[in-house]
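**Q** Input: one structure, supplied below.
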Amino acid sequence: MPKKAAYLQLYLKNLSYIWHSSKIYVTLMFFIIPLQSLMPSFTIYFTNRLIEDLSNSKSNSVYQLLFIWGTTFFISSITTPLLTAIQGKLTDFLTFKLNFDIMKKSQSLQTIDYFEDASFYLML
């Protein structure tokens, strides 16, 4: 059990580190990922409604449903490349923050003896 607690603590520390690297991009991902998972269901639902209205000759709501279906299809199609771009930028910010923190830590070292001590790596 202590090993699982250590992994959980490390996981939470990493999430905190990601959050501090770019709060804007993490927040964007927080909203886009659920939207991306819901859009196929909405698209299927409005496709079904559109086909039903076309087969029942209800032409008064067909244009409205066609617009809603097109909008959901567009949003569903655009979320994947948008999420990929956000993940790429977040990776860049995280890499920069990690490298910058490593450089700040290395400035405080006077000798390289620390690098030969295994406990030093746990302090980072």
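Read the figures in this text as sums done on the coordinates, not as results from a lab. Being a predicted model, the structure only gives us computed values, none of them experimental. Ideal geometry is used to build each Cβ from the backbone, glycine not excepted, and the neighbour counts take in all protein chains shown.
**Q** With the chain treated as a Gaussian network of Cα nodes joined by springs under 10 Å, which of L109, L35, L54 yields the largest mean-square fluctuation?
**A** Answer for the Gaussian network model of the chain: L109.
**Q** Under 19 Å from a point 7 Å along the Cα-to-Cβ line of I102: which residues of the stretch 21-37 have their amide N that close?
**A** Counting only backbone N, you get 21-22.
**Q** Give me the angle, in degrees from 0 to 90, between the Cα long axis of helix 23-55 and the longest principal axis of the Cα atoms of the chain, rounded to the nearest 10.
**A** Long axis of 23-55 versus the principal axis of the chain: about 20 degrees.
**Q** Roughly how far apart, in whole Å, are the Cα centres of the stretch 66-94 and the stretch 1-57?
**A** Between the Cα centre of the stretch 66-94 and that of the stretch 1-57, the gap is 11 Å.
**Q** Please give the length that would be gained between L83 and T27 if that part of the chain were fully extended, namely 0.36 nm times their separation in residues minus their C-alpha to C-alpha distance (nm, one decimal).
**A** Additional length available on full extension: 19.0 nm.
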